[in-house]
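*Asks:* Encoded as structure tokens, here's the structure I'll be asking about.
The values are calculated or read from the model by the stated rules, or taken from the named source; none is laboratory data. Being a predicted model, the structure only gives us computed values, none of them experimental. Neighbour counts are summed over all protein chains in view; Cβ atoms, including those assigned to glycine, are modelled from backbone coordinates with ideal geometry.
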Amino acid sequence: MNNGLRGLAAAALLLPTASIAETLSYNYLEGGFAFYPDFESQDFIGLDTRGSVALNENIFAFGGLKFLTDDVDLTALHAGGGLRHGLDRNTDIWGGLTAEYQEYEWDRGGDVDDTGLGFRAGIRHQVNNDLELGIGGRVITGDLDYVGFTGTARYALEPDFKLFAELDVYDGEPGVIGGVTFEF
């Protein structure tokens with residue numbers, strides 16, 4: 001086999017891998033630190049974790065846990081299922097229904113908790129092999145109902161390991177989240 005045919009064969013073997021690297025993954029775990037200055041008169045700091053598992057090409061399960069603390073501790077947990085629709089090879093819109101649990105716990109005693117339904121949706125776009133951008137929104141029902149919006153950027157250090165930064169407007173209060181994403 002001459003060098004030209006060997007190069008063509010190697011390129012053909014790499015094409016599926018290159019195409020996979022450019023698609024949006026719904027199999028991931030991510031987590032990081034969150035900071036919400038002046039949220040309900042608190043300077044919340046804490047952890048935000050979330051994940052997703054693709055059940056097939058279009059359906060996925062997802063969830064997350066947020067724990068923030070100051071004079072008040074806030075715990076928010078969500079789990080649900082979603083549907084993705086590819087607009088093109090690099091852009092998806094998605095939406096999902098969730099069960100949502102929230103709890104506020106005060107240092108001086110007492111707490112308030114609630115379980116409600118949520119609707120989350122967004123758009124994700126793979127700019128190139130290294131950068132993904134997304135925007136999302138959520139409407140949470142129940143006694144502790146709220147509306148939230150996010151803008152997210154993920155930058156790949158390796159094909160399955162990324163840094164992420166997010167601006168999150170949680171019930172009208174802005175916060176920032178930064179961390180890592182591991183795709184599997």
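*Asks:* On the given criteria, is F44 touching an Asp or Glu at 6+ places or on another chain (Cβ under 8 Å) and modelled with pLDDT of 95 or more?
*Replies:* It is true that F44 is touching an Asp or Glu at 6+ places or on another chain (Cβ under 8 Å) and modelled with pLDDT of 95 or more.
*Asks:* Filter the range 47-94 down to residues that are free of Cβ contacts under 8 Å to residues at least 60 places away in the same chain and outside any strand (DSSP E or B) and give me whichever is nearest to P174 (Cα to Cα).
*Replies:* D70
*Asks:* Looking at the range 111-132, can you tell me whether even one residue there is among the hydrophobic types (A, V, I, L, M, F, W, C) and outside any strand (DSSP E or B)?
*Replies:* Yes; the residues of the range 111-132 include at least one that is among the hydrophobic types (A, V, I, L, M, F, W, C) and outside any strand (DSSP E or B).
Matching residues to (1) modelled with pLDDT under 95; (2) on the phi < 0 side of the Ramachandran plot; (3) not aliphatic (A, V, I, L, M):
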{"site": "N2", "(1), (2), (3)": "yes, yes, yes"}
{"site": "R6", "(1), (2), (3)": "yes, yes, yes"}
{"site": "L13", "(1), (2), (3)": "yes, yes, no"}
{"site": "Y28", "(1), (2), (3)": "no, yes, yes"}
{"site": "V53", "(1), (2), (3)": "no, yes, no"}
{"site": "A79", "(1), (2), (3)": "no, yes, no"}
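*Asks:* Follow-up question, since we're still on this one. Restricting the range 149-184 to residues that are assigned to a loop (DSSP other than H, G, I, E, B) and among the charged types (D, E, K, R), which is farthest from G134 (Cα to Cα)?
*Replies:* Residue satisfying both the conditions and the ranking: D171.
*Asks:* While we're on this one: Are any residues in the range 161-176 modelled with pLDDT of 95 or more and touching a Phe, Trp or Tyr at 6+ places or on another chain (Cβ under 7 Å), and if so, which ones?
*Replies:* F161, K162, L163, V169, G175, V176 - these are the residues of the range 161-176 that are modelled with pLDDT of 95 or more and touching a Phe, Trp or Tyr at 6+ places or on another chain (Cβ under 7 Å).
*Asks:* Could you please let me know if G142 is without any contact (Cβ under 8 Å) to a residue 24 or more places away in the chain and either part of a strand (DSSP E or B) or within 30 Å of D114 (Cβ to Cβ) (or both)?
*Replies:* no
*Asks:* What about G142, is it surrounded by 14 or more Cβ atoms within 10 Å (Cβ to Cβ) and under 21 Å from I59 (Cα atoms)?
*Replies:* Considered against the rule, which asks whether it is surrounded by 14 or more Cβ atoms within 10 Å (Cβ to Cβ) and under 21 Å from I59 (Cα atoms), G142 comes out as no.
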